[in-house]
Amino acid sequence: MGYETSLHLVGLKIKSESAPIVKRALEAYRSKEWLDDELPPDLELPGGRGFEDLWDRLVTDREGFLAFRALEDDPDPYEPDEEGTVPAVCGKWYDAKNFAAWVRRHCEPGGRIVQHSREADGAAWGWEFDGQGKMRALGLRPVGPWE
């Protein structure tokens, strides 16, 4: 049992100085190199239930933004772009905050991770990044008066 959500990457551009680290970390994960050796701390990717699919699909596009490789049977409504990527994936992301904590070290200001419930309860939450290694929680809240 778990909570099914869509995990959206919004404007998550990798800082130029972090691009080689992120690329190497994703390559190390995909090659299962992390099983054989202890990786340096900057290459370690947070784990957690369900995150194997996320790391296998996470890529940086030609402009340096994080995205996901599209699959033919993706339940999200996004069509893959010309690079074959989509901005969101569906799953049970139990430890999404750990993923956000990893992203905050590597992204430029203004990027966000947003989760939307797929459980028909209307929940949405996420994190925004300042580009200096900090993040803050996001959530839905009323912003105007009743009309």
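Just to be sure I understand, how many residues within the range 87-101 are in a helix (DSSP H, G or I), of a type in the set (Phe, Trp, Tyr) and surrounded by fewer than 15 Cβ atoms within 10 Å (Cβ to Cβ)?
Counting residues in the range 87-101 that are in a helix (DSSP H, G or I), of a type in the set (Phe, Trp, Tyr) and surrounded by fewer than 15 Cβ atoms within 10 Å (Cβ to Cβ) gives 0.
Can you pull out every residue in the range 93-147 that is without any contact (Cβ under 8 Å) to a residue 12 or more places away in the chain, more than 19 Å from THR5 (Cα to Cα) and of a type in the set (Gly, Ala, Ser)?
Answer for the range 93-147, where residues must be without any contact (Cβ under 8 Å) to a residue 12 or more places away in the chain, more than 19 Å from THR5 (Cα to Cα) and of a type in the set (Gly, Ala, Ser): just GLY144.
Filtering the range 1-29 down to residues that are basic (Lys, Arg) and surrounded by 15 or more Cβ atoms within 10 Å (Cβ to Cβ), which residue is nearest to the chain's Cα centre (by Cα)?
LYS13
Can you name the number of the only condition in (1) surrounded by 15 or more Cβ atoms within 10 Å (Cβ to Cβ); (2) at pLDDT below 80; (3) not basic (Lys, Arg) that GLU38 fails?
Answer for GLU38: the failing condition is (1).
Test of understanding: among ASP130, ASP61, which residue is within 15 Å of the chain's Cα centre (by Cα), among the charged types (D, E, K, R) and modelled with pLDDT of 90 or more?
Exactly one of ASP130, ASP61 is within 15 Å of the chain's Cα centre (by Cα), among the charged types (D, E, K, R) and modelled with pLDDT of 90 or more, namely ASP61.
Among the residues of the range 82-92, how many are in contact (Cβ under 8 Å) with a residue 60 or more places away in the chain and touching a Leu at 6+ places or on another chain (Cβ under 9 Å)?
So the answer is 5.
Give the residue, chosen from GLU52, GLU63, GLU79, GLU72, that is under 18 Å from ARG24 (Cα atoms), without any contact (Cβ under 8 Å) to a residue 60 or more places away in the chain and in a loop (DSSP other than H, G, I, E, B).
GLU63
Can you work out which of the residues in the range 106-123 that are closer than 19 Å to ARG136 by Cβ and in contact with an Asp or Glu (Cβ under 8 Å, 6 or more places away or on another chain) is surrounded by the most Cβ atoms within 10 Å (Cβ to Cβ)?
For the range 106-123, the residue satisfying everything is GLY111.
The values are calculated or read from the model by the stated rules, or taken from the named source; none is laboratory data. Since this is a predicted model, take the numbers as computed values, not measurements. When we count neighbours, we look across all protein chains shown, and the Cβ atoms used for this are built from the backbone with ideal geometry, even at glycine.
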